[in-house]
Each structure stands twice: as structure tokens, then as C-alpha cells.
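The values are calculated or read from the model by the stated rules, or taken from the named source; none is laboratory data. Please read these numbers as outputs of a predicted model, since none were measured by experiment. Cβ placement follows ideal geometry from the backbone for every residue including glycine, while neighbour counts extend to all protein chains displayed.
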Amino acid sequence: MSSKPNVFTYATNELSQDAIICYMLEWAIKENESIDKEMHQVGKKFLSSLFEKCGKKLEDYETLEISKQEEKIDVLCIVDRKYHIIIEDKVFSSEHSNQLTRYVEDIKSRGIKDENILKLYYKTGEEYRKEDIESKGFALFEKKDILDIIPAQINNSIIAEYRSYIEQLQTNADYINQPIEKWDTSAWIKFVLEKVSKIEGINLGKSITTGKGQNSGIYFQYEKIASKGVAFYLRLAFEEEELQFKLENEGQQPTKDLGSNFYKLIDEVNKKVGGSLIVEEACKRGGKTMIVAKIKNAIESKADGKIDIDATKNRIEQTMRIHSNIIETLNI
């Protein structure tokens, strides 16, 4: 049975979401209560929740000024010409180019005191760099917060569809209750955040690539091997559902022969420690970065296709031990 068409399955970019944020805030304007009391309450609850996220209480207000893309700030909401609410809106991407700091400095340059600036990071995808966002004074507003402000039953068809879309995003990110083959990038990111990041000794990279196809994944255990003039690291590749051993060189490109030698070393160490990992050679040509080997049984599933978390964490730990053994051997 097909699902009901939803405009937000097509309107997925940040500008579309900017519009929804502005739309909900506009309903909080007092004069709009006479048009639609239900939507006015949604708008007020949204506005109030933004204040609460920033540790403040929304008092009675008279005016709201709402703008989109003012000085590149996604959404700016000014309450009674006193409180300036900066909303940085993200769908799947993350903060870049020092955006958040620049936006705050822009508002301060208008003579607004820091205590009157509310900083919100509105994210409907999974946010990998939560600590970085919070360290810049921004409060995260996530899917669960959106669902809290929009009633399960609402007459406004636009907001009803938006809620349905957010519910679907939340379902998509549920890596525990759906088969691995149905995971999208958000499920992988949530798995990394909640499970992989807790593995003892793991050193995750600072970002996750979220491109389609073979571009999505995260690197970890990045170590330089001075004797070989390369960096040697691991990568969890989402689409391929595998772990990869990779080489990188800032200067000369690693050769195919070097990659083949690393594969042999990986295979040798794997056999030495029990050989439970299925190691496949992957080096086909030289390059600045290259995959030298793949662990094809890294992501373990149960009979129903859902992830076996403990077994998968064990595979990752085994791969890390191989990596560590090689690093120690070559850096002696």
C-alpha cells in the first residue's frame, strides 16, 4: 500500500525548512489568533520552546519581526525589539566556515547585548558535532522538539504534513528496529553516535561525509607512519556496509605496490589473531588516498536482518587491534 503524498518529501532543502520555521513563528503574532486559534497556539508554543531551550521564559509580548536570510542568518526573529533569536537551520549538513560565531557577532554589532541574543540550531537530520555546536552557545532544536510543539492531530494541512515528515525522519534514524539494508545516512550517524563512539580507545574523525553512494562514512584511528611517509586509518563506509583500511599521503601518491604490501600485512596480522575477519584486497591503483583492504563481515546482522550490535562492535574492535598492531610495528 502506497503512502500518502507529502510535499516535504520533495521540499527537503534548508530554504524550504526556513519557510516552515518562519510560517510557524508568524502564527505567534497576536493578531493572527483571530484567524486560526489552533495555529496561533502552535506558533506561541514554538516561540516559547525557543526561549526555554536557551534557559529563558517567554513573557507576554507585543511585537514579532521575522526575517529570512538577513545577513545570511537563516531565520531572525525579534521579540519586542529586545530579544533577537538567531535560528541556524540545517537538514543534513553541519555548521561550516565559522557561521555561528559570525552571526552572533553581526547581531552584537547592532548594539544588542549577549543576554538578549537567543541562539538556536534547528536540525532535522542527525547532528554529529553536538558538542561543537553547544560550545558556541547554541541550543539544539531537534526532531523530538518539533514533534513536541505540533499536535498529533491538527487541522492545518501544511503543518500536519510537516509533522508527518518529521515522524518519518525519526523512523528512518531508528537503526535498532529496522533491517540494515533499509538504513539511510541518519540511521548510520545515530549508530555511530550512540554505539561506535562508546568503543574504548576509538578516535573518531571530526566529520561525517553524507554524500550519496560511496561517499558516506566516517574515518577513525588516523595515524601517521613516518617510516612509510603515509597516514594509515580506518573508515566505516555506510553504503557498502563495510570497514576499510586506507592510506593517505600529503606529498607523493602512495603506489599500488605499497597498497598491496599493506594488504598482505593486514591479512597476516588478522590470521595471527584468529582470522575471524574476512579481509579482501582493494588496492587497484595508486592515489593520494586509497583503500588497501576491506572487512566484508564487519557489520553483523541477526536472522531478521537487524543489526547485531555486540557482534558488530566486536568486529570493529578486532579491526582496531589489527590497525594498532601495524602502527606499532611500523613505527618502531
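Within the range 91-113, residues that are farther than 30 Å from residue 165 by Cβ have Cβ atoms under 7 Å from residues that are part of a loop (DSSP other than H, G, I, E, B) and of a type in the set (A, V, I, L, M, F, W, C) in no pair, counting only partners at least 6 apart in sequence or on another chain. Note on the range 104-162: residues that are of a type in the set (Gly, Ala, Ser) and touching a helix residue (DSSP H, G or I) at 6+ places or on another chain (Cβ under 6 Å) amount to 2. For the range 259-281, does any single residue satisfy the condition of being in the same structural domain as residue 302 (by TED's automatic domain parsing), surrounded by fewer than 19 Cβ atoms within 10 Å (Cβ to Cβ) and under 23 Å from residue 96 (Cβ atoms)? Checked against the condition, which is being in the same structural domain as residue 302 (by TED's automatic domain parsing), surrounded by fewer than 19 Cβ atoms within 10 Å (Cβ to Cβ) and under 23 Å from residue 96 (Cβ atoms), the range 259-281 yields no hits at all.
Among the conditions (1) on the phi > 0 side of the Ramachandran plot; (2) over 23 Å from the mean Cα position of the chain (by Cα), residue 83 misses just one, which is (1). Within the range 206-249, being β-branched (Val, Ile, Thr) and in contact with a strand residue (DSSP E or B) (Cβ under 8 Å, 6 or more places away or on another chain) holds for 208, 209, 218, 225, 230. Give the residues of the range 130-160 that are of a type in the set (Asp, Glu) and surrounded by 17 or more Cβ atoms within 10 Å (Cβ to Cβ), sorted by residue number. If the condition is that a residue be of a type in the set (Asp, Glu) and surrounded by 17 or more Cβ atoms within 10 Å (Cβ to Cβ), then 142, 145 are the ones that fit.
Do we have any residue at all in the range 244-255 that's under 18 Å from residue 188 (Cβ atoms) and free of Cβ contacts under 8 Å to residues at least 12 places away in the same chain? No, because not a single residue in the range 244-255 is under 18 Å from residue 188 (Cβ atoms) and free of Cβ contacts under 8 Å to residues at least 12 places away in the same chain.
Just wondering, is there one or more residues in the range 300-310 that are closer than 23 Å to residue 218 by Cβ and exposed (fewer than 15 other Cβ atoms within 10 Å of the Cβ)? Even if it seems obvious, please write down each step before you answer.
So in the range 300-310, the residues closer than 23 Å to residue 218 by Cβ come out as 300-301, 305-310.
Keeping just the survivors that are exposed (fewer than 15 other Cβ atoms within 10 Å of the Cβ) gives 305, 310.
Yes, the conditions are met somewhere in the range 300-310.
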